[in-house]
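Report on one structure; see the data block that follows.
The values are calculated or read from the model by the stated rules, or taken from the named source; none is laboratory data. In this text, all values refer to a predicted model and were calculated from it rather than measured experimentally. Note that each Cβ is placed from the backbone with ideal geometry, even for glycine, and that neighbours are counted across all protein chains shown.
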Amino acid sequence: MPETLIVNEIFHSIQGESTYAGLPCVFVRLTGCRLRCAWCDTAYAFDEGVAMSLDEIIFKVRAHGFPLVEITGGEPLLQPNVLPLLTRLCNLGLTVLLETSGTEDIANVDPRVIKIMDLKSPSSGESAQNRCANLRHLTAKDEIKFVLADRADYDWAKHQLAEHDLGNRCAILFSPVWGKLPLKTLAEWILADHLTVRLQTQRQKHIWGPDTRGV
Ligand code: SF4
């Protein structure tokens with residue numbers, strides 16, 4: 001019986017977020033998430049998907065012909081077979097990104113994988129789900145992403161930075177909720193506080209439009 005995963009979509013686009021933003025990238029979006037963030041923009045990945053073997057997924061990823069691949073969701077770590085997929089993609093010499101909500105255990109992810117982990121802010125409604133134990137598994141090549149909807153979220157994120165000394169752990173991304181918090185406002189707050197964090201926007205939405213899927 002081949003190892004399989006439930007896959008929502010595989011496509012290539014310009015990486016919109018993280019320190020890899022702007023680079024061509026192949027995306028594998030896995031199905032399923034147990035959270036329901038208030039501002040989720042991929043609810044279609046909660047249950048739409050088809051079973052594919054790891055061989056099929058890898059064949060499709062390679063067919064797109066780019067050296068950067070991101071496994072995303074939904075929440076990819078809900079499906080145990082994502083772990084061998086990540087390892088096999090690394091073995092091919094690809095640069096492998098894993099985007100995770102931060103609520104599932106990341107301890108067994110192949111150390112070559114670059115983890116981009118959310119810390120869910122209060123406005124998401126899911127901040128109680130943050131798994132603080134994950135922080136000790138992050139290394140300098142990994143990234144922590146805060147998606148912020150308002151000043152209360154921003155102040156909360158600042159507190160997390162100080163409490164866990166996150167700035168000395170890995171790259172920190174501050175991203176405004178699309179259509180809720182103006183980029184300029186967040187930029188002004190970061191500058192006023194002299195925070196060493198990376199302001200990011202969802203570049204894919206600027207390029208393709210906010211509601212376009214599979215790009
Ligand atoms: S973790 Fe991601 S996919 Fe799941 S509800 Fe939150 S934003 Fe949506």
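Considering only residues that are of a type in the set (A, V, I, L, M, F, W, C), under 18 Å from residue 37 (Cβ atoms) and surrounded by 14 or more Cβ atoms within 10 Å (Cβ to Cβ), which ones fall in the range 149-185?
149, 156, 157, 173, 174, 177, 178, 181
In this structure, does residue 56 turn out to be more than 18 Å from the chain's Cα centre (by Cα) and modelled with pLDDT of 95 or more?
Answer is yes for this residue.
Look at the range 106-120 and say how many of its residues are over 19 Å from residue 79 (Cα atoms) and within 11 Å of the ligand (Cβ to nearest atom).
Final tally of qualifying residues: 1.
Would you mention how many residues in the range 73-105 are among the hydroxyl-bearing types (Ser, Thr, Tyr) and within 11 Å of the ligand (Cβ to nearest atom)?
Residues flagged as among the hydroxyl-bearing types (Ser, Thr, Tyr) and within 11 Å of the ligand (Cβ to nearest atom) within the range 73-105 amount to 3.
Counting only residues that are in contact with an Asp or Glu (Cβ under 6 Å, 6 or more places away or on another chain), free of Cβ contacts under 8 Å to residues at least 60 places away in the same chain and over 23 Å from residue 153 (Cβ atoms), how many does the range 76-113 have?
4
Pairs please, first residue from the range 23-41 and at pLDDT below 95 and near the ligand (Cβ under 10 Å from one of its atoms), second anywhere and of a type outside the set (Gly, Ala, Ser) and not in a loop (DSSP other than H, G, I, E, B), Cβ atoms under 8 Å, 6+ apart in sequence or on different chains.
39/147
Being surrounded by fewer than 16 Cβ atoms within 10 Å (Cβ to Cβ) and in contact with a Leu (Cβ under 9 Å, 6 or more places away or on another chain) is true for just one of 76, 67. Which residue is that?
Only one candidate qualifies: 67.
So which residues in the range 42-58 are within 16 Å of the ligand (Cβ to nearest atom) and either part of a loop (DSSP other than H, G, I, E, B) or surrounded by 15 or more Cβ atoms within 10 Å (Cβ to Cβ) (or both), if there are any at all?
If the condition is that a residue be within 16 Å of the ligand (Cβ to nearest atom) and either part of a loop (DSSP other than H, G, I, E, B) or surrounded by 15 or more Cβ atoms within 10 Å (Cβ to Cβ) (or both), then 42, 44, 45, 46, 47, 48, 49 are the ones that fit.
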